[in-house]
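Read-outs: derived from the displayed coordinates by stated rules, not from any lab. A quick note: this is a predicted structure, and the numbers were derived from the prediction, not measured. Positions of Cβ are backbone-derived with ideal geometry, glycine not excepted, and every protein chain shown enters the neighbour counts.
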Amino acid sequence: MKRKSEKYEKKISKLRKEYEKKREFYRLLREHAGDIIKSDNFQSTRNYIQHGSIPVHRHCIDVARQSIAISQLLGIPCSERELIRGALLHDYFLYDWHDRSRENYQMLHGFYHPGIALKNASREYKLTLREKDIIKKHMWPLTVVPPRCREAWIVTTADKYCSLLETLKLRRGVGKARLRISG
Ligand SMILES: [Fe+2]
Ligand SMILES: [Fe+2]
């Protein structure tokens, strides 16, 4: 009986820690990127699928959270603000990259979208050099030139990790693809 309650307590404490971590992340998000998350264009990324059933919106928030987790886990000193803003805007291409009927459809989306995201983000926000580097290099090694700052290395790693989970369907969302399956 005692062992069962100990197990229960452990589970509760783990859940509490996860909840606190999430709460702290959303506090950082509001503090450093409230303007981005509230903007219409960023909100519109809920309508585009990234991988599997995960919308671009959720993907970018997951990449930002994973980036913060990596920097804390490895004790890498970096600018939290630039890390979060760069991660949120790294896939700011603002279209459905799966839609073949789209004007300017690119077979090589993987190569071109960092440049498009950078152009879109620069139009709306005053980006720092680190934020530009994060967006431009997040597809490295596809984009040949390697990242030049710690923040960009962290985001490119977090992006690959999140993309893998999404592609293997280990992370599920409620985007168009899933609705289509269930509908
Ligand atoms: Fe990307
Ligand atoms: Fe991404």
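What ranking do TYR125, TYR8, TYR92 get, fewest neighbouring Cβ atoms within 10 angstrom at the top?
TYR8, TYR125, TYR92
Applying both filters, DSSP loop and at most 10 other Cβ atoms within 10 Å, to the GluC sites (Glu not before Pro) of region 62-122 gives GLU103. Taking each of LYS38/LYS132; LYS14/LYS126; LYS7/LYS38 in turn, the alpha-carbon distance tops 30 angstrom for LYS14/LYS126; LYS7/LYS38.
Counted over all Cα-Cα pairs of region 30-84, pairs farther apart than 13 Å make up 64 percent.
Between ILE135, ILE154, ILE116, the residue with the greatest mean-square fluctuation in the GNM of the chain (Cα pairs under 10 Å linked by springs) is ILE116.
Can you tell me how region 34-167 classifies by the Cα gyration tensor, rounded, prolate or oblate, using a/c under 1.5 as the rounded cut? Rounded is the answer for region 34-167, as its axis ratio a/c remains below 1.5. Stretching LYS7 away from ARG100 to a fully extended chain increases their span by 28.3 nm, per 0.36 nm per residue minus the current alpha-carbon distance. Protection proxy ranking, highest mean first, for peptides 65-74, 139-148: 65-74, 139-148, where packing is the per-residue count of other beta-carbon atoms within 10 Å, averaged.
Checking the Cα-Cα distances for LYS17/LYS119; LYS17/LYS160; LYS21/LYS160 against a 27 Å cut-off, the pairs over it are LYS17/LYS119.
Calculated [222 nm] ellipticity per residue, helices only, for the chain: -21500 deg cm²/dmol; basis is -39500 (n - 2.57) per DSSP H run with n ≥ 4, divided by all residues, nearest 500.
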